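To keep things clear, I will list the structure first and then write my remarks on it.
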Amino acid sequence: MPTPVTPTVRIISRPNLDRDELDRYLAEIGGQDWTAQRTEYNDTQDLVEVAGRTCYRSWAPGLNPNVTRVRTDPDAYLGNIVAHRHGSVLEHAQYTFVLQNVSRVFTHEWVRHRQGVAISQESLRYVRLTDLPFWYPEWAQNDADLVSRGQQVLTALEDFQAWMADHFQLDAPGVLFHEKKAKTSFMRRFAPEGLATVLVWSANIRTLRHVVESRTDEGAEEEVRLVANQIGELMATEVPALFADYVIDDTGAWLTTNRKV
């Protein structure tokens, strides 16, 4: 029987600053007071701030003769970067997510976001299907007849996957991996687009802001909205200063006046 699943998002990689090397660099350029003023650390936010201050040499007043005062509060500094849409410095901070139990309908939409991302998806040319996990949106779950008929279709497709594996004798001794791959590649053609899969997806902060803005919009596909909202919630916790400008409206859309930072 096909397994109902729910798309989930996990962060598995985030920026990690080498504080010792950064301090040596700052000491060389006269920016050591920047470190001394820190009371809390957030590697991602600090990385973005380092990139921004490097552009203007704004570590302290006077290092750049044109700069006579600097913002010392990191949240205020980052808020100013976002407000002025200096998005290039956000590209230094990269996160990697595991998007689990997302459908191939979802991935066909999601891979349209290509700039500033890296994508690795479970390959059904190599991974043989034994079951067909499937996500039903809440409105569909409430339609008992729809779910019942849907499960019947999925069960028939699951049974056909098992029949093909037996028919091709893929588990027989001595079957070469090349043959298994060829047959598995054919078998995936009988899997529905709604089949749950897994994606490893990396994106920088600038891209993440764009994706959350555009993919939580009311007009976006509902599974895409579900995942984009999870990413937004995770990032608002990870780097609050870089997502503090967002408000979530009654439809669940993430809105900001600082679009396309």
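The values are calculated or read from the model by the stated rules, or taken from the named source; none is laboratory data. Every value quoted in this text rests on a predicted model; they were computed, and no experiment measured them. Cβ: placed from backbone, ideal geometry, glycine included. Neighbour counts: every protein chain shown.
Regarding the stretch 122-145, can at least one residue be identified that is polar (S, T, N, Q), loosely packed, with under 12 Cβ neighbours inside 10 Å and farther than 26 Å from Met187 by Cβ? Step through it out loud before you land on a result.
Applying the first criterion (polar (S, T, N, Q)) to the stretch 122-145 yields 123, 130, 141-142.
Imposing the further condition that a residue be loosely packed, with under 12 Cβ neighbours inside 10 Å reduces the set to 130, 142.
Now drop any that are not farther than 26 Å from Met187 by Cβ, which leaves 142.
Checking the stretch 122-145: at least one residue is polar (S, T, N, Q), loosely packed, with under 12 Cβ neighbours inside 10 Å and farther than 26 Å from Met187 by Cβ.
Checking the condition β-branched (Val, Ile, Thr), without any contact (Cβ under 8 Å) to a residue 60 or more places away in the chain, not in a loop (DSSP other than H, G, I, E, B) and not assigned by TED's automatic domain parsing to the domain that holds Glu49, which residue from Val212, Val227 passes? So that I can check it myself, show each step before the final result.
Values: Val227 fails: without any contact (Cβ under 8 Å) to a residue 60 or more places away in the chain.
Exactly one of Val212, Val227 is β-branched (Val, Ile, Thr), without any contact (Cβ under 8 Å) to a residue 60 or more places away in the chain, not in a loop (DSSP other than H, G, I, E, B) and not assigned by TED's automatic domain parsing to the domain that holds Glu49, namely Val212.
Residue by residue through the stretch 154-173, note down the ones that are touching a residue at least 24 places away in the same chain (Cβ under 8 Å) and out of contact with any Pro (no Cβ under 7 Å at 6 or more places or on another chain). Quick ask: steps written out before the conclusion?
Pass one, the stretch 154-173, residues touching a residue at least 24 places away in the same chain (Cβ under 8 Å): 154-155, 157-158, 160-162, 164-165, 170.
Phe160, Gln161, Ala162, Met164, Ala165, Leu170, listed by residue number.
What is the one condition in (1) at pLDDT 95 or above; (2) under 18 Å from the mean Cα position of the chain (by Cα) that Glu109 does not satisfy?
For Glu109, the failing item is (1).
Go through the stretch 67-98 and give me each residue that's part of a loop (DSSP other than H, G, I, E, B), surrounded by fewer than 19 Cβ atoms within 10 Å (Cβ to Cβ) and in contact with a Lys or Arg (Cβ under 9 Å, 6 or more places away or on another chain). Working first, answer last.
Of the stretch 67-98, the ones part of a loop (DSSP other than H, G, I, E, B) are 67-73, 84-86, 93.
Then drop every residue that is not surrounded by fewer than 19 Cβ atoms within 10 Å (Cβ to Cβ), which leaves 67-73, 84-86.
Passing the criteria: Val67, Val70, Arg85.
Of the residues Ser202, Ser185, which single one is in a helix (DSSP H, G or I) and small (Gly, Ala, Ser)? Lay out the reasoning, then the answer.
On the way: Ser202 fails: in a helix (DSSP H, G or I).
None of the other options fit; the residue is Ser185.
Could you give every pair whose Cβ atoms fall below 9 Å, whose first residue belongs to the stretch 2-28 and is in a helix (DSSP H, G or I), and whose second residue is among the hydrophobic types (A, V, I, L, M, F, W, C) and exposed (fewer than 14 other Cβ atoms within 10 Å of the Cβ), counting only separations of at least 6 or pairs across chains?
Cβ pairs passing all conditions: none.
Among the residues of the stretch 186-220, how many are within 27 Å of Tyr126 (Cβ to Cβ) and among the charged types (D, E, K, R)?
So the first thing to find is which residues in the stretch 186-220 are within 27 Å of Tyr126 (Cβ to Cβ), and the list is 186-203.
Filter once more, so that each one left must be among the charged types (D, E, K, R): 188-189, 193.
Qualifying residue count for the region: 3.
Restricting attention to the stretch 54-70, and to residues there that are without any contact (Cβ under 8 Å) to a residue 24 or more places away in the chain and under 32 Å from the mean Cα position of the chain (by Cα), which single residue is nearest to Ala93 (Cα to Cα)? Show your work before the answer.
Taking the stretch 54-70 first, the residues without any contact (Cβ under 8 Å) to a residue 24 or more places away in the chain are 54, 56, 58, 61-62, 64-70.
Filter again for under 32 Å from the mean Cα position of the chain (by Cα), leaving 54, 56, 58.
On the way: Thr54: 15, Tyr56: 19, Ser58: 20 Å.
Out of the qualifying residues, it is Thr54.
Could you please let me know if Gly232 is of a type in the set (Gly, Ala, Ser), surrounded by 17 or more Cβ atoms within 10 Å (Cβ to Cβ), touching a Ser or Thr at 6+ places or on another chain (Cβ under 9 Å) and without any contact (Cβ under 8 Å) to a residue 40 or more places away in the chain?
Working: of a type in the set (Gly, Ala, Ser): yes; surrounded by 17 or more Cβ atoms within 10 Å (Cβ to Cβ): yes; touching a Ser or Thr at 6+ places or on another chain (Cβ under 9 Å): yes; without any contact (Cβ under 8 Å) to a residue 40 or more places away in the chain: yes.
Here the answer is yes, as Gly232 does meet what is asked.
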